[in-house]
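Colleague: Take a look at this one; I'll ask things after.
The values are calculated or read from the model by the stated rules, or taken from the named source; none is laboratory data. Because the structure is a prediction, the values reported are computed rather than measured. Here the Cβ is made from the backbone with ideal geometry for all residues, glycine too, and neighbour counts use every protein chain on show. Side chains included, ligands, DNA and RNA excluded: accessible areas come from the protein's heavy atoms. Shrake-Rupley method; radii C 1.70, N 1.55, O 1.52, S 1.80 Å.
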Amino acid sequence: MSNDNLIETDVLVIGAGPAGLAFSIHYANLIGKHNIPLKVMILEKAATAGNHTLSGAVMNLKTLGELLPEVDLKGIPSITEVKQEDILFLTKSNAFGLPYHPKVMSNKGNHILSLGAMVGWLGGLAEQKGVEIFAGVAGYELIFENGKLVGVFTGASGLDHEGKPMSNYQPPTEVRAKIVVLAEGARGHLTKQLIDKFNLTQDKNPQVYSLGVKEVWEVPEGSFAQGRIMHTLGFPLGADQFGGGFVYGLNKTQVVIGFCSGLDYSNPAFDPHRALQQYKQHPQIAEIIKNGKLIKYGAKNIPEGGLFSWPQLYHDNFMIIGDSAGFVAMPSLKGIHLSIKAAMTAAQAAFEAIKAQDTSKERLSLYEKLFKDTPEYSEMYAARNFRQCFTSNLYLGFLKYGINLITGGRGLSLNGKSRLEADYKHCRPALKGRQLSPMVFDNKTTFDKEADVFYSGTKHDEAQPCHILISSAQVCRDCIEKFEAPCQHFCPARVFELSPEAQGNPAKIILHPSNCIHCKTCDIKDPFQNVTWMPPYGADGPKYENM
Amino acid sequence: MNIIVCIKQVPDTADIKIDPVAKRLLREGIKSMINPFDMYAIEEGLRLKEKLGGKVTALTMGPPQAESALREAVSLGCDEAILISDGAFTGSDTLATSYALSCAIKKIKDYDMIFCGKQSLDGDTAHVGPGIAGHLNIPQIVNVRKIQDIKEGRVTAHRMTEYGYDVLEAELPCLLTVVKDINVPRLPSLKGKMKAKSTAITVWKAADIQAEENRIGAKGSATEVWKVTTSPARPQGKIFEGEGAVDQLVLTLKGLMK
């Protein structure tokens, strides 16, 4: 590697999402008060910051206010205050208000916004503070020296399907940094490698996820009030599955409809995209969108395990923040404000480390120490055993959660820490009786995956190696045999297609990597862990606007 | 070999909106990109520079936000970037635009080749490239799919035609418009993106390039827009499946030929 392709910086942040940007802004603020040159750069795989960001989102603005005391948060694009909220339990054709509305779930004073738009706005503020954001560049490969992380290679481009350089080949760039901050979002592919290499999840619960599938609808005024939020339990899920739907009134004519499905489901034929389509057929939802028009589609994973599922948050020369670590408090269905606060404490730790010229794990452990003193940590601590309540049955879950509330979050386990099992272990062999009947999509209010994927704006350079790696074709065949290929169902973008047995050739999986919307469900849920998600070329992927 | 690449910033959306009064594209708040054909022009310029030395200058005319297109060109490897931008250019048709660009090129003065994409995604006229060559009174080869040779002050290139290609030779300086077949454009590297952030973009106004007032803008335009519409969305294709699909297809095609 020639020096031509080497860049050096103090702090390299992977991912310009809310966590990566909050980290960089706070770090820049701290550096600004001292006489140290500001050298922080962010690599973002999306074409612009916010293009790969998707959330509901109902946000608690408190920590964003702490991050940006001088900024008027009313300037966030398309933000609106929560005015009305309902929690409903849906049966196939009815809806019931829940009798008890836990205070922790209240959204009074919170705001509905598009997290993607907020991230775009935050990116502008970060750049004003001297943070260098390089969008359209993915961190591809970790660089180690003497067993320690020292930087990241960006991906090469101009490769053919076999990975051989073509006439437009551009080599990777080597970025060396004293501290690397992993802010890749849920199931970051670099974070995953670091967790493995340094065994960062030892004695921890595995991270567990829900896949949130979301659509934005343009509706006639009066269909759903601006500032209204509705959360639902029940339909189309049975009591054996964790998940729920949401409807948010973003403005007078735009409504967000989404459905989150816990990936700890056991039926290999379950399909989270389909769950959203069924959800929209419920009379309660169908009424809202009956004269509407679909304008956007997307999906993302939510790390729901809580603080017992955090990997160790730091090690020599690196820290893990945001969804890559899992700052989500499930009872309130919130994480953005927690991620921002944690990112700020990580920035404090990075600042002290750079100042002292010591980036060892001992020095960076300040990050976790500082976060543990915040009210945001207390919020996560209170919810530490929440997700564990809901691993078998919804009603039993509420009972367990009730006990949780009485015992101050401790629950009934002896050491106060309830266990979780990784999502991929939950698949049960395909049972004929549990096959889902085919669903007919009317292309007015319900859409098949191909149609929905169009509304994600996703685009990939066709001339590149497939970015979804299948380790073993034999394992793939075994999976088809045993589970009837759950990938064809769990992927919300139809990247995986099952080509049935024909003319003596066994059934096999065909990949459509250019459909990918970067949710990484395949990497999480594949029952044999036979799929590895890698970033494609920079700027490829969905083009979320106002998501 | 000093090369100028003319590029245009176009809307990056399938959802084109038109101002019904001014009969122009609405660009405000719409994401934009470099006209895809111009990416091939940039790539060809860069490959020639890498082979023969010299420098590549990216040139565009447009509103101030066209600067981002030039920065992208620099991130790919262009050495310099010039934006001609002035309220006086507003309303320019292809005649006035090619005149203004030719004025800027005269000011750059030292050049051997000019590359353009064969046409723009939004206007689709394919006028501006040839227009520039006309104003500069230099030879041009359009729809180039391959540069065969450059030597002794002459370029030999393949011009794509409907059924094949012509081999043409022209004296330098010369203007070439290129088609997609000519190369595969590169993606910007991180290093290139860093350079793009720090490179200064030169901005010239109408007076800086000595453009005559009555030859630019609406005043200098030979055409008047009567009506602009977006082309209707293509209807969904038909899929024939299962047994007898081929027979059905043949029948349908025969029906269409009647």
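Colleague: Considering only residues that are open to solvent by 10 Å² or more (accessible area, probe 1.4 Å) and β-branched (Val, Ile, Thr), which ones fall in the range A:309-333?
Modeller: Within the range A:309-333, A:Val328 is the sole residue that qualifies.
Colleague: Right, another one. Of these, A:Leu113, A:Leu67, which one is aliphatic (A, V, I, L, M), closer than 30 Å to A:Thr458 by Cβ and either over 24 Å from the mean Cα position of the chain (by Cα) or away from every other protein chain (no Cβ under 14 Å) (or both)?
Modeller: Details: A:Leu67 fails: closer than 30 Å to A:Thr458 by Cβ.
Of the residues listed, the single one that is aliphatic (A, V, I, L, M), closer than 30 Å to A:Thr458 by Cβ and either over 24 Å from the mean Cα position of the chain (by Cα) or away from every other protein chain (no Cβ under 14 Å) (or both) is A:Leu113.
Colleague: Being open to solvent by 10 Å² or more (accessible area, probe 1.4 Å) and polar (S, T, N, Q) is the filter here; which residues of the range A:285-308 pass it?
Modeller: A:Asn291
Colleague: Another one. Looking at the range A:1-19, is at least one residue more than 30 Å from A:Val247 (Cβ to Cβ), open to solvent by 20 Å² or more (accessible area, probe 1.4 Å) and away from chain B (no Cβ under 13 Å)?
Modeller: no
Colleague: Among the listed residues A:Lys164, A:Lys214, A:Lys197, identify the single one that is surrounded by fewer than 21 Cβ atoms within 10 Å (Cβ to Cβ) and either more than 14 Å from chain B (Cβ to nearest Cβ) or closer than 19 Å to A:Ala47 by Cα (or both).
Modeller: Details: A:Lys164 fails: either more than 14 Å from chain B (Cβ to nearest Cβ) or closer than 19 Å to A:Ala47 by Cα (or both); A:Lys214 fails: surrounded by fewer than 21 Cβ atoms within 10 Å (Cβ to Cβ).
Of the residues listed, the single one that is surrounded by fewer than 21 Cβ atoms within 10 Å (Cβ to Cβ) and either more than 14 Å from chain B (Cβ to nearest Cβ) or closer than 19 Å to A:Ala47 by Cα (or both) is A:Lys197.
Colleague: Would you confirm whether or not the range A:117-126 contains a residue that is over 24 Å from A:Ala47 (Cα atoms) and more than 14 Å from every other protein chain (Cβ to nearest Cβ)? Give the derivation first.
Modeller: Kept after step one, since they are over 24 Å from A:Ala47 (Cα atoms), are these residues of the range A:117-126: none.
Checked the range A:117-126: no residue is over 24 Å from A:Ala47 (Cα atoms) and more than 14 Å from every other protein chain (Cβ to nearest Cβ).
Colleague: State which residue is nearest to B:Glu50 (Cα to Cα) when the search covers only the range A:167-181 and only residues that are in contact (Cβ under 8 Å) with a residue 40 or more places away in the chain and at the interface with chain B (Cβ under 10 Å from one of its Cβ atoms). First the steps, then the outcome.
Modeller: Within the range A:167-181, the subset in contact (Cβ under 8 Å) with a residue 40 or more places away in the chain is A:171-181.
When the remaining residues are screened for being at the interface with chain B (Cβ under 10 Å from one of its Cβ atoms), the result is A:171-175.
On the way: A:Pro171: 16, A:Pro172: 19, A:Thr173: 19, A:Glu174: 22, A:Val175: 25 Å.
Ranking the candidates gives A:Pro171 first.
Colleague: A further question follows. Can you work out which of the residues in the range A:404-458 that are hydroxyl-bearing (Ser, Thr, Tyr) and modelled with pLDDT of 90 or more is nearest to A:Phe308 (Cα to Cα)? Don't jump to the end; show me each part of the working.
Modeller: Of the residues in the range A:404-458, the ones hydroxyl-bearing (Ser, Thr, Tyr) are A:407, A:413, A:418, A:424, A:437, A:445-446, A:455-456, A:458.
Now drop any that are not modelled with pLDDT of 90 or more, which leaves A:424, A:445-446, A:455-456, A:458.
Values: A:Tyr424: 18, A:Thr445: 40, A:Thr446: 38, A:Tyr455: 36, A:Ser456: 33, A:Thr458: 34 Å.
Here the answer is A:Tyr424.
Colleague: I'd like the full set of residues that are open to solvent by less than 30 Å² (accessible area, probe 1.4 Å) and either among the charged types (D, E, K, R) or farther than 30 Å from A:Glu545 by Cα (or both), limited to the range B:20-40. Before you say what the answer is, go through the steps one by one.
Modeller: The first filter runs over the range B:20-40 and keeps only residues open to solvent by less than 30 Å² (accessible area, probe 1.4 Å), leaving B:34-35, B:38.
Scanning the range B:20-40 gives a single hit, B:Asp38.
Colleague: Go through (1) touching a residue at least 40 places away in the same chain (Cβ under 8 Å); (2) over 24 Å from the mean Cα position of the chain (by Cα); (3) open to solvent by less than 50 Å² (accessible area, probe 1.4 Å) one by one and return the number of the condition A:Ala156 breaks.
Modeller: For A:Ala156, the exception is condition (1).
Colleague: Okay, next question. I'd like the full set of residues that are farther than 28 Å from A:Gly457 by Cβ and over 17 Å from the mean Cα position of the chain (by Cα), limited to the range B:24-60.
Modeller: Quick first cut of the range B:24-60, residues farther than 28 Å from A:Gly457 by Cβ only: B:44-57, B:59.
Once the filter is applied, which keeps residues that are farther than 28 Å from A:Gly457 by Cβ and over 17 Å from the mean Cα position of the chain (by Cα), the range B:24-60 yields B:Arg47, B:Leu48, B:Lys49, B:Glu50, B:Lys51, B:Leu52, B:Gly53, B:Gly54, B:Lys55.
Colleague: Those residues that are assigned to a loop (DSSP other than H, G, I, E, B) and over 26 Å from the mean Cα position of the chain (by Cα), I need them from the range A:82-106; list them, please. Steps first, answer last, please.
Modeller: Of the range A:82-106, the ones assigned to a loop (DSSP other than H, G, I, E, B) are A:82-83, A:91-94, A:98-102, A:106.
Of everything in the range A:82-106, those that are assigned to a loop (DSSP other than H, G, I, E, B) and over 26 Å from the mean Cα position of the chain (by Cα) turn out to be A:Lys83, A:Thr91, A:Lys92, A:Ser93, A:Asn94, A:Leu98, A:Pro99, A:Tyr100, A:His101.
Colleague: So, restricting to helices (runs of 4 or more DSSP H) that lie completely within the range A:368-446, which ones have at least 1 residues that are surrounded by fewer than 18 Cβ atoms within 10 Å (Cβ to Cβ)? Before you say what the answer is, go through the steps one by one.
Modeller: Values: elements: A:375-382, A:386-389, A:394-406.
Result: A:375-382, A:394-406.
Colleague: Step by step: first the residues of the range A:529-547, then only those that are closer than 19 Å to A:Tyr424 by Cβ and touching a Phe, Trp or Tyr at 6+ places or on another chain (Cβ under 8 Å), then the one that is farthest from the other protein chains (Cβ to nearest Cβ). Which residue is that? Spell out how you get there, then give the answer.
Modeller: Step one: filter the range A:529-547 for residues closer than 19 Å to A:Tyr424 by Cβ, giving A:529-534.
Restricting the remaining residues to those that are touching a Phe, Trp or Tyr at 6+ places or on another chain (Cβ under 8 Å) gives A:529, A:534.
On the way: A:Gln529: 31, A:Met534: 16 Å.
So, considering only residues that are closer than 19 Å to A:Tyr424 by Cβ and touching a Phe, Trp or Tyr at 6+ places or on another chain (Cβ under 8 Å), the one farthest from the other protein chains (Cβ to nearest Cβ) is A:Gln529.
Colleague: Search the range B:171-216 for residues being at the interface with chain A (Cβ under 8 Å from one of its Cβ atoms) and touching a Phe, Trp or Tyr at 6+ places or on another chain (Cβ under 7 Å), and hand back the single one that is surrounded by the most Cβ atoms within 10 Å (Cβ to Cβ).
Modeller: Across the range B:171-216, the extreme among qualifying residues is B:Leu190.
Colleague: Whether any residue in the range A:267-283 is in contact with a Lys or Arg (Cβ under 7 Å, 6 or more places away or on another chain), modelled with pLDDT under 95 and open to solvent by 10 Å² or more (accessible area, probe 1.4 Å) is what I want to check.
Modeller: Scanning the range A:267-283, I find at least one residue that is in contact with a Lys or Arg (Cβ under 7 Å, 6 or more places away or on another chain), modelled with pLDDT under 95 and open to solvent by 10 Å² or more (accessible area, probe 1.4 Å), so the answer is yes.
Colleague: Further question: Those residues that are surrounded by 20 or more Cβ atoms within 10 Å (Cβ to Cβ) and either away from chain A (no Cβ under 14 Å) or under 20 Å from B:Leu121 (Cα atoms) (or both), I need them from the range B:46-58; list them, please.
Modeller: Those that are surrounded by 20 or more Cβ atoms within 10 Å (Cβ to Cβ) and either away from chain A (no Cβ under 14 Å) or under 20 Å from B:Leu121 (Cα atoms) (or both): B:Val56, B:Thr57, B:Ala58.
Colleague: Which members of the range A:469-508 meet the condition of being surrounded by fewer than 20 Cβ atoms within 10 Å (Cβ to Cβ) and assigned to a strand (DSSP E or B)?
Modeller: A:Leu469, A:Ile470, A:Glu497, A:Leu498, A:Ser499, A:Ala502, A:Asn505, A:Lys508
For every residue, the table says whether it meets (1) assigned to a loop (DSSP other than H, G, I, E, B); (2) open to solvent by less than 20 Å² (accessible area, probe 1.4 Å); (3) at pLDDT 95 or above.
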| site | (1), (2), (3) |
| --- | --- |
| A:Ala22 | no, yes, yes |
| A:Leu54 | yes, yes, yes |
| A:Pro69 | yes, no, yes |
| A:Lys74 | no, no, no |
| A:Gly109 | yes, no, no |
